[in-house]
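Reviewing the structure listed below.
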Amino acid sequence: MSRIRSKNTKPELLVRRYLYANGFRYRVNVASLPGKPDIVLKKYHTVIFIHGCFWHGHSCLQGKTPQTNPLFWQNKFKRNKERDIEVRNELKALGWNTLVIWECQLKPKTRQKTLEEITYWLNEAYLDRFRLKKNQYSFAEEEPLSIAAEGDTSYSSDNQ
Ligand SMILES: [Zn+2]
């Protein structure tokens with residue numbers, strides 16, 4: 001029971017196909033990184049984990065503790081969660097962003113929204129890298145707003 005994730009699960013493929021179709025390039029199941037992330041996007045400094053709701057104890061219906069032997073499961077889920085946090089911290093220390101997608105977020109009903117959010121998130125992560133660099137030269141506040149120099153244009157007279 002030590003394996004909590006398997007390779008090439010359907011949700012994983014779903015995300016990969018979407019990313020690929022949208023021009024993102026990645027590596028999969030990268031063993032050299034903590035937690036062996038499902039998807040690694042180097043250019044975006046981002047790794048993606050597709051978490052099964054049951055094993056990783058998501059707060060949705062699938063993540064509910066089974067009624068038989070609840071203590072056993074609660075402990076197991078707790079350990080898995082702690083491990084997830086550890087992995088995330090290790091990755092962070094190495095300069096990686098971690099994005100967790102829950103299996104339930106990839107169900108037909110919410111799938112499109114989730115996939116779009118991943119793209120959005122990746123682009124944000126990418127932009128952030130440049131934003132950080134840009135902040136080293138902050139000249140924005142030294143220059144007065146030139147827009148204010150536009151005269152008082154009256155919009156009201158024609159439109160009434
Ligand atoms: Zn879930």
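For N97, the residues 5 or more places off, or on other chains, whose built amide H falls under 5 Å of its own are T46, V47.
Given R₀ = 45 Å, FRET efficiency for N75-L33 by Cβ-Cβ distance, to 0.05? Efficiency computed from Cβ-Cβ geometry: 0.95.
What are the semi-axes of the equivalent ellipsoid for segment 10-133, taken as the square roots of 5 times the Cα gyration tensor eigenvalues, largest first, in whole Å? Could the numbers behind the result be given before it?
Details: eigenvalues 145, 66, 28 Å².
Computed over segment 10-133, the values are 27, 18, 12 Å.
Pairs from the list K78/K109; K10/K109; K42/K107; K42/K76 with a Cα-Cα gap above 24 Å: K78/K109; K42/K107; K42/K76. Taking every DSSP bridge with both residues inside segment 10-133, close to 45 percent are antiparallel. Each residue of segment 89-100 was assigned a 3J(HN,Hα) from its phi angle through the Karplus expression (A = 6.51, B = -1.76, C = 1.60, θ = phi - 60°), giving 5, 4, 5, 4, 4, 8, x, 9, 8, 10, 10, 9 Hz with x at Gly and Pro.
No lab work stands behind these numbers, since they all come straight from the coordinates. The structure presented is a predicted model; accordingly, all values stated were derived computationally and were not measured. Virtual Cβ from ideal backbone geometry, glycine too; neighbours counted across all protein chains shown.
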